[in-house]
Amino acid sequence: MQRLLELLLGLDKGFLGREGDFAVRFAPQWPGQQSIGAGTWNFLLALAALLLVIYIYRREGRSRRSRITLAVLRGLLLAFVLILLNRPILTLGQSRIEPSVLAIMVDDSISMKIPDGGAGPNGGPLSRLQAAVQLLDGDQRQLLRDLAREHDIRLYRFDADAQPIGEFHQSADQSQTGHDASADLSKSLSQLTPQGQRTQVIGSIATILNDLQGQRLAGVVVLTDGRETPREPIASAIESLKNRGVKIFPIPVGTDQPPRNIEVQSVSVQDSAFKGDYVNVKATIRASGYEADHPVQLILKDKTTGQPLLRADGSPVRETIQLPNDQPVEAELQFKPTQAGTLDLVVEAETQPGELDDQDNLRLAQIAVLDAKIAVLYVDGYPRWDYRYIKNEMIRDKTVDISCLLTSADPNFAQEGDRPIRRFPESIGEMLDYDVVLFGDVDPRQFSDAQLQLISEFVSKKGGGFGMVAGPRWSPQAWHNTAIEPLLPVSIARVEESDSVNIAQGFRPVLTRQGAASSIFRFFADRQVNEQFLKDSWQPLFWYCHGITVKPGVGEVYAEHPTDTGPDGRKAPILVLGRFGAGRTMFSAIDDSWRWRYYTGESIFDTYWVQQLRYLARGKKLGQRRLTLTSSRPSYELGERVRIDLRILDPQLLQQLPDQIRVEIQDDKGQIVRQENLMRQEGQMDLYAGSWTADHTGRFTLHLPAIAGGIDAKELPIQVVVPRLELSTPQVDLTLLGRLASETMGQTVQLSQARAQLPTIITSAAKIIPVEASQPLWNAPLAMALFVLLITAEWILRKMYGML
């Protein structure tokens, strides 16, 4: 029956079955309607119709009854036509509710791992993220259910930006659907981990507002510590949020007090040392949240054995340092390696109770310990004092094999040394018998051009060491424009001639930062004793070479004159070390270091020269290992690129290797966590390199399998730490959160009161929107039928009454 009525009225199928209020209204479209109104048209047309009916009524000559019947029928017909001309429409009035939406943001950046979120169910401390999750997920998600009575919940996680992780609608309650949608949110919350490397609270809120644009947003609840990293200007950003007209309800999670933490920020150690050398490991340690001068014990360990390394006296390397609050302190740990090979070092700060992060209490480093005698070729022009003392000291030293060549000696003079020679090498094979070539004040005319080219090749390609000890006659000024000049770490173009006899005023060299950190000037195990000796007891020197300057990017000054300056305006360099190709170089601007042996004793003089020779020999000694496996640095922050270099030093081995070599990265339990390929680099055929993003924190070991016969597997420690930016000042930023609430007309809610307050202070933003559907009736089949029926009835009656 309903469908039949819909067909008669020309309505869509099911229109009459919809819920709502039905009504009929008119939508006439008369000419000039906006000026004179539809009522005027209807009045005039009705009046015209009435006059027409009366006019016809009076002219017809039949009985009064027939005329009245026809007049009524004609009036009905004209009234019906007038109704149709007013375009009748059937309307269905309905309403639509736009629901209130509430966004909830949970901060999962690294600072949310700090365990100051209050006590957990078992009495232990909760991290900030755990406290936020417990608020939403605890008590069978009662807070979410209470909020869902008024709002549709949108849940987001955020660090540098926001991402949706779930929804909870009013209609999705278990009582209505049989499925508990809040359980899905619970699962999403439980999967959150504090790994975000940056926090942008305001930017993340803006992302959510854009995501929910056009919806009835009741507010944004922000569970965070509010610590933006990096900190950016917020005035304009907050003003932009204010203009959106959405209330922000921050819930601070954590405390505004600095957390307690001890961090080993960095470790530096030389890349190689010789067995029995003093090795100085420098570590930078920072404390926060402790009282001033808080004591912390540092331990230097062997990573492989886990045991402390030993000092020269056989005692474990342990140092107790006093840490001023929030100020980094540099500590020095000194040991003597007793075995050759690759040594993985661990600098560990003793864990303190209640620390923020005990993973940053240690740092890793690696050093190559060499065990071999150094073969030195020492050439000087005449038997000056420095020549005599250096020659005799090196002959006595059991770690050095020295061959001396005095160019001013007679042809039948028996040259001195552990391995006496009669001439300078004339082939690269003879040159490779040595690790270091040391020139004193020697005349370059004593050598052929071919011999000087041999020295250049020995250093640049074979990794040999070359040093020059200045003198008043030839070195270094006579070597200008020779094959030796490019090797030197100093520029000698402006060297000044100077008298080495009549000098009355002595000087003590001043160490640079590099010099103070090196083992060349480490004469005593105790650093304070060593510094005091260098300041007050070091025998003064008198002559030095004037006019030299350091080659930029090539040489590093280890000692300089206390007052005099060079041509470049900088302090005059006294000892400069550098590199040339694969080898290492040295220039000493003094010629009276013998005074330290004569006036002070053997140990000072021996340490000074042996350590220089060992520095020069390291390039060649390391090259004997056939390959080197290095990392751009031993420690990376989460998200940084790890860079690994494998350099092949053996040309024969290089020819055997493929274009890519696979390495494994293992965690501290020995489990393989990833595999990477080291690729041969275009233009550097001896170099393989690989890189990847550090995506997990922890201590790892890169394992290089044996890549050829006679090559042992190699391991390289790598540490990935939490980015310091997130944990440098991790206390809650109450100022920012309070400003967010006040500027947006929201309210800051304490974590302990959030469960009770949030459902009451966040009012619904839902809105009822009327919706009207309409169908025209003036062109319905029923209207046509009624019109035809009325006009047909009028014609039949006229026929019956004999009016036709």
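The values are calculated or read from the model by the stated rules, or taken from the named source; none is laboratory data. This structure is a prediction, so every number in the text was calculated from the model and none was measured. Quick reminder, even Gly has a Cβ in these numbers, built from the backbone with ideal geometry, and neighbours come from all protein chains shown. Only protein heavy atoms, including side chains, enter the accessible area calculation; ligands, DNA and RNA are left aside. Shrake-Rupley method; radii C 1.70, N 1.55, O 1.52, S 1.80 Å.
Given the criterion in a helix (DSSP H, G or I) and either in contact with a Pro (Cβ under 8 Å, 6 or more places away or on another chain) or open to solvent by 70 Å² or more (accessible area, probe 1.4 Å) (or both), identify the matching residue among LEU47, LEU73, LEU77.
Matching residue, one of LEU47, LEU73, LEU77: LEU47.
Counting only residues that are in contact with a Pro (Cβ under 7 Å, 6 or more places away or on another chain) and within 19 Å of GLN352 (Cα to Cα), how many does the range 286-307 have?
8
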Legend entry - Every pair of residues 6+ apart whose Cβ atoms lie under 7 Å, when the first sits in the range 777-801 and is farther than 18 Å from PHE26 by Cα while the second is polar (S, T, N, Q) and open to solvent by less than 70 Å² (accessible area, probe 1.4 Å): LEU797/THR69; TYR801/SER66
Inset, instruction - Hey, could you check the range 270-312 for residues that are of a type in the set (Val, Ile, Thr) and within 25 Å of the chain's Cα centre (by Cα) and say which is surrounded by the most Cβ atoms within 10 Å (Cβ to Cβ)? - result: ILE285
Inset, instruction - Would you mind stating whether ALA23 is modelled with pLDDT of 85 or more and surrounded by 12 or more Cβ atoms within 10 Å (Cβ to Cβ)? - result: yes
Legend entry - Of residues in the range 500-533 being in contact with a Gly (Cβ under 9 Å, 6 or more places away or on another chain) and open to solvent by less than 20 Å² (accessible area, probe 1.4 Å), the one modelled with the highest pLDDT: PRO509
Inset, instruction - From (1) free of Cβ contacts under 8 Å to residues at least 24 places away in the same chain; (2) over 29 Å from LYS336 (Cβ atoms); (3) part of a helix (DSSP H, G or I), pick out the condition that doesn't hold for ASP536. - result: (2)
Inset, instruction - Just one of (1) within 30 Å of SER288 (Cβ to Cβ); (2) open to solvent by 60 Å² or more (accessible area, probe 1.4 Å); (3) within 26 Å of the chain's Cα centre (by Cα) trips up ARG739, so point out which. - result: (3)
Inset, instruction - Identify all residues within the range 419-437 that are under 14 Å from VAL379 (Cα atoms) and touching a Leu at 6+ places or on another chain (Cβ under 7 Å); write none if there are none. - result: ILE421, PHE424, PRO425, MET431, TYR434, VAL436, VAL437
Inset, instruction - Report yes if some residue within the range 445-452 is in contact (Cβ under 8 Å) with a residue 40 or more places away in the chain and over 48 Å from the mean Cα position of the chain (by Cα); otherwise report no. - result: yes
Inset, instruction - Could you tell me whether PRO730 is out of contact with any strand residue (DSSP E or B) (no Cβ under 8 Å at 6 or more places or on another chain) and open to solvent by less than 20 Å² (accessible area, probe 1.4 Å)? - result: yes
Inset, instruction - Kindly provide the set of residues from the range 607-642 that are touching a helix residue (DSSP H, G or I) at 6+ places or on another chain (Cβ under 9 Å) and either assigned to a loop (DSSP other than H, G, I, E, B) or more than 22 Å from GLU556 (Cα to Cα) (or both), ordered by number. - result: ARG626, LEU627, THR628, GLU637, LEU638
Inset, instruction - Could you grab the pairs with beta carbons closer than 9 Å, sequence gap of 6+ or different chains, first residue in the range 16-38 and in contact (Cβ under 8 Å) with a residue 12 or more places away in the chain, second one open to solvent by 100 Å² or more (accessible area, probe 1.4 Å) and part of a strand (DSSP E or B)? - result: GLY20/GLU772; ALA38/PHE26
Inset, instruction - Return yes when ASP360 is within 25 Å of ALA617 (Cα to Cα), surrounded by 16 or more Cβ atoms within 10 Å (Cβ to Cβ), in contact (Cβ under 8 Å) with a residue 40 or more places away in the chain and of a type outside the set (Gly, Ala, Ser) and no when it is not. - result: no
